[in-house]
1. List the relative contact order of the range A:319-433 as a percent without decimals, with contacts defined as Cα pairs under 8 Å and 6+ residues apart.
2. Among the lysines, which have Cα under 25 Å from the Cα of B:LYS16 when same-chain residues fewer than 8 positions away are ignored?
3. For the pair A:GLU122 and A:ARG440, how long in nm is the line joining their label points, each one 7 Å along Cα→Cβ?
4. I'd like the Karplus ³J(HN,Hα) series for the range A:441-455: coefficients 6.51, -1.76, 1.60, θ = phi - 60°, whole numbers in Hz, and an x wherever there's a Gly or Pro.
5. Hey, if you drop one equal point scatterer on each alpha-carbon of the range A:41-124 and run the Debye formula without solvent, what base-10 log of I(q)/I(0) do you get at q = 0.12, 0.18, 0.22 Å⁻¹?
6. For the range A:220-273, what does the alpha-carbon gyration tensor say about shape, rounded, prolate or oblate, given a ≥ b ≥ c as the root eigenvalues, a/c under 1.5 as rounded, and a/b over b/c as prolate?
7. Evaluate Rg over Rh across the range A:78-188, taking Cα atoms for both radii and Kirkwood's formula for Rh.
8. If R0 is 45 Å, what FRET efficiency do you get for A:ARG428 and A:ALA191 from their C-beta distance, rounded to 0.05?
Amino acid sequence: MRSVRIGGGLGFYGDSIRPALDIAERGDVRYIAFDHLAELTMAILEKDRQRDGAAGYTKDIGPLMRELLPVTHGRGIRLVTNAGGIHPDGARAEVARVARELGIRLRVGVVRGDDIRPRLAELRAAGAELRHMDDGRPLEEVVDRLLFANVYLGSRPIAQALEAGAEVVITGRTTDAAQFAGPIVHEMGWAWDDWDRMAAAVLVGHLLECAGQVTGGNFSGDWWNLPDMDRLGYPVAEVFEDGSAIITKPPGTGGRVSVDTVKEQLLYEVHDPSRYLTPDVIVDMTGVRLEDAGPDRVLVRGVRGLPPPPTLKVLMGYADGFMGVGMMGYAWPDALAKARMADRIVRAQIARFGIQAEEIHTSYLGYDSLHGPLARPVDEEALNEVYLRVAVRTRTREEAQKLGRLFPPLALDGPPFIGGLSGMAPVRELLGLWPALVDRSLIEPFVQVDVEEVG
Amino acid sequence: MEVELRALCQARSGDKADRSDISLFAPNPAVYEVLRREVTAERVREHFRGLVAGEVRRYEVPGVLALKFVLDRALGGGGPSSLRIDNLGKAMGSAILRLRVDVPEELLTDAALPPRSPRGRVGLPPVRRA
């Protein structure tokens with residue numbers, strides 16, 4: 001039976017590069033795909049581009065290509081990534097620079113057309129309201145504060161770039177799964193309206209897009225038994241003509257691929273498993289079956305597909321104020337009581353000094369910072385230490401900085417037996433998210449695929 | 001008898017904007033039926049009171065013996081605008097494991113339940129000797 005093997009090289013901007021090299025060297029793959037973009041990443045990249053017009057893509061693309069191209073180029077392994085962020089052409093220039101250093105010439109494809117910020121006025125004039133898709137609020141509320149606006153494109157332009165001979169494909173905001181579905185559909189020659197097979201391609205992409213999360217990372221089962229997590233293997237899929245697939249990983253790597261590790265990733269961040277909406281297909285996972293197919297091998301089958309909706313998802317991000325934060329550790333005895341007293345001091349000072357905080361959030365690290373009010377009350381005598389963390393939401397950077405300044409004096413002026421004051425934490429800019437829907441007909445005619453030789 | 005889900009289930013959680021998305025996995029069909037009966041959207045909403053402000057929806061995925069919960073207004077404003085340490089809700093999956101359910105004692109055997117802690121059968125009654 002015909003098949004194609006593809007690897008998941010990375011799960012986010014900042015992830016490790018080494019596992020992708022394991023896949024290139026020992027994974028026996030035709031493709032390695034990389035999902036670089038999360039919601040927050042787009043805002044980071046926009047800030048980069050404001051500082052430097054040549055930036056706006058994920059900066060790890062240079063080191064990634066420097067490691068991988070010497071291995072993949074000779075073996076005919078093709079690379080697909082959405083590392084282009086808000087500046088895919090800038091990413092291609094960086095790949096070209098690395099290729100020249102390596103003495104390699106290769107064809108690099110770029111997909112454009114997801115970034116609609118320059119087209120917002122035109123789109124709204126054409127009837128795209130871009131209301132918040134969860135609560136219907138009008139875009140006017142945030143339009144002056146927008147940092148980015150990108151449509152989630154599907155796998156078709158990626159497949160087009162591969163058809164045009166691209167050895168590396170760089171896109172902006174294509175969906176996570178499209179990095180994988182594009183190569184799979186291209187390689188298998190599947191029809192774009194063969195909905196069950198499209199769903200199979202997208203499902204494989206969904207399973208691989210978070211890389212280590214399907215091979216033992218974040219595994220909630222018997223995590224303490226997972227072997228060699230210091231060299232976790234990233235996933236490889238072998239996809240077959242009938243739409244079934246084997247999920248596995250390169251030999252000699254750590255972690256585990258089992259029904260139990262794969263099922264956790266199957267449903268990850270999928271809201272309605274019977275209707276997982278993508279630009280390519282609506283995926284119905286309710287009939288998916290996972291079967292043990294040997295050590296570190298799981299067979300996936302039974303996914304069904306339906307035609308995709310007439311709209312595409314847009315994700316916009318807007319400036320939403322600032323977060324100031326301060327932290328201080330308190331030692332046994334009565335660590336929690338001391339931290340609570342310090343919280344009362346800080347809150348009283350916020351009021352006395354008139355710091356304009358729209359929200360104040362207190363948590364006690366080591367006690368309730370992750371589960372909040374669900375944390376179980378503890379025997380306070382048994383707590384060896386607790387860290388107080390206070391965060392505020394403010395309109396301006398200056399107000400947020402004032403919160404940080406309340407913490408250093410606690411080293412001398414508050415409850416006793418402190419530790420862990422490590423200077424003032426930097427103020428963080430907060431980012432509001434604005435998901436919306438837009439008609440495909442307003443977007444797809446503007447998608448461009450452009451392949452050129454570089455190096 | 002009543003046990004915490006931590007003794008029975010795998011779980012994983014993620015986010016989309018201010019929504020948290022929690023998957024709960026049963027180790028076998030019998031426990032899956034218990035989850036379907038006991039872990040309703042209403043109970044999950046009640047369980048997360050104080051941490052989650054919005055509605056809870058539940059979806060069933062029988063092929064992998066899983067329940068999926070989607071929690072609205074769950075993350076203090078959404079990952080990049082939340083003041084919380086767990087702004088992405090990665091720990092929400094462990095928080096649901098605190099929920100207590102009524103399980104027939106015959107399902108709580110070593111053979112039926114894989115260990116859920118490196119410390120052994122934590123959260124389960126002592127193994128009965130034949």
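1. Values: 219 pairs, mean separation 57.5, N = 115.
In percent, rounded to a whole number, it is 50.
2. Candidates past the 8-residue exclusion: A:LYS47, A:LYS59, A:LYS263, A:LYS313, B:LYS68, B:LYS90.
3. It is 2.1 nm.
4. 5, 8, 10, 4, x, 9, 7, 10, 10, 9, 10, 9, 7, 10, x
5. Computed log10 I(q)/I(0) values: -0.40, -0.78, -1.05.
6. Details: a/c = 2.58, a/b = 1.25, b/c = 2.07.
Oblate is the answer for the range A:220-273, as a/c is 1.5 or above yet b/c matches or exceeds a/b.
7. Values: Rg = 16.7 Å, Rh = 15.5 Å.
Value, to two decimals: 1.07.
8. On the way: r = 47 Å, r/R0 = 1.04.
FRET efficiency, A:ARG428 to A:ALA191: 0.45.
Laboratory data are not the source of any read-out in this text; all were calculated from the coordinates shown. The shown structure was predicted, so the numbers you read here are calculated from the model rather than taken from an experiment. So basically every Cβ, Gly included, is an ideal-geometry build from the backbone, and we count neighbours across all protein chains shown.
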